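See below for the structure under consideration.
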């Protein structure tokens with residue numbers, strides 16, 4: 001480890017992070033962030049580690065070391081790791097590190113993900129394009145497998161994989177609220193208000209999901225299962241965090257939310273069916289049942305009043321709105337396929353932390 | 001509302017293209033026997049295509065039956 005080169009006193013990283021590193025970059029970050037900032041900016045070691053991590057990665061989206069590192073860097077903004085000093089959040093070298101990883105991640109997504117032909121920037125045309133994009137048949141379906149085939153163990157894995165985002169449900173898209181204005185902001189707030197339970201903590205979607213996890217015998221503390229989830233699961237949340245935290249990508253976070261909401265009601269009905277099939281009651285299924293009704297509302301608002309209206313108000317964002325929507329479908333599709341392929345091959349979808 | 005002046009929170013019903021009726025504002029949904037049906041949220045979507053499994057609420061199934069509202 002290179003902790004000595006920036007003179008930070010590094011305690012045992014396990015006291016701060018619930019997981020082990022997945023390569024030199026996450027090791028460097030975890031060692032650094034386990035210390036307290038001392039006023040110096042530890043640029044050199046980090047910049048070098050990033051350069052070699054990016055050089056070594058065959059796919060940034062699937063690189064364990066890079067996706068964990070991005071997750072850790074976003075965690076500074078969310079407060080994902082309670083013991084990490086909050087003083088690190090705006091440390092220039094860490095912001096630079098995040099930006100460097102994001103540029104490479106975004107470039108890879110833009111070069112691999114097909115975006116539909118741009119429609120006229122009107123509410124109806126954009127909503128129609130999003131509707132066509134989100135209803136395209138996508139091959140084998142995780143939700144149908146969960147409904148009819150998944151074992152109790154696989155359903156537990158499904159909750160674990162989902163927990164990385166869902167225990168913080170809605171937070172990445174909320175970064176966009178102050179970056180939008182007028183009717184588009186009002187539409188986002190209308191959706192997010194419902195996500196946060198309309199002011200009732202027990203109705204917050206993240207809380208309902210925590211109840212589902214505990215009722216299934218799982219640990220609902222945030223990050224508890226971080227060691228178990230692969231890069232592609234982290235990438236699913238990192239995409240949202242990247243789109244949400246960068247104002248220049250506000251079109252993409254809006255498109256992401258629209259695609260997310262527009263592909264939610266029907267799969268959630270199937271997830272609920274899978275848990276009922278194995279004898280679970282509403283204490284487990286409430287989260288999925290809630291999303292059938294809630295996202296049937298949200299998808300209308302998201303397609304028309306949020307994404308459609310944003311394209312009308314700021315036509316220059318139309319390309320990014322559709323990129324964000326396509327990125328949501330692709331990356332979440334890859335994460336879903338990882339589960340589906342693992343299970344149909346008789347393997348666990350979880351990783352073994354070294 | 002009995003006056004042309006609408007209160008800020010008066011109920012509104014918006015038919016969304018190829019989708020449900022979105023209801024906002026101060027409203028109450030009643031079962032045929034007059035008992036309130038809990039909406040669970042401030043804005044609700046009411047089924048317009050007839051195939052929802054959670055009627056009167058929308059469950060998104062209109063997409064599977066390619067429900068269209070041209071001419072609205």
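Take the residues in region A:100-116 that are out of contact with any helix residue (DSSP H, G or I) (no Cβ under 8 Å at 6 or more places or on another chain) and either loosely packed, with under 14 Cβ neighbours inside 10 Å or over 14 Å from residue A:239 (Cα atoms) (or both); name whichever of them is farthest from the other protein chains (Cβ to nearest Cβ). The extreme case among them is A:103.
Could you identify the single residue in B:56, B:20 that is modelled with pLDDT of 95 or more and more than 10 Å from every other protein chain (Cβ to nearest Cβ)?
Numbers: B:20 fails: more than 10 Å from every other protein chain (Cβ to nearest Cβ).
Answer to the selection: B:56.
Only one entry of A:308, A:324, A:319 meets the criterion of being more than 14 Å from every other protein chain (Cβ to nearest Cβ), under 17 Å from residue A:252 (Cβ atoms) and buried (at least 20 other Cβ atoms within 10 Å of the Cβ), and that entry is A:324. For region A:121-142, does any single residue satisfy the condition of being modelled with pLDDT of 95 or more, away from chain B (no Cβ under 14 Å), assigned to a loop (DSSP other than H, G, I, E, B) and closer than 26 Å to residue B:67 by Cβ? Yes, region A:121-142 contains at least one residue that is modelled with pLDDT of 95 or more, away from chain B (no Cβ under 14 Å), assigned to a loop (DSSP other than H, G, I, E, B) and closer than 26 Å to residue B:67 by Cβ.
Restricted to region B:43-65, and to residues that are in a loop (DSSP other than H, G, I, E, B) and touching a strand residue (DSSP E or B) at 6+ places or on another chain (Cβ under 7 Å), which residue is surrounded by the most Cβ atoms within 10 Å (Cβ to Cβ)? That would be B:58.
Test residue A:97 against the criterion of being in a helix (DSSP H, G or I) and under 24 Å from residue A:226 (Cα atoms), and give yes or no. Criteria met by residue A:97.
The values are calculated or read from the model by the stated rules, or taken from the named source; none is laboratory data. Because the structure is predicted, anything quoted here is derived from the model rather than measured. Because the Cβ atoms are built from the backbone with ideal geometry, glycine has one as well, and the counts that use them run over all protein chains shown.
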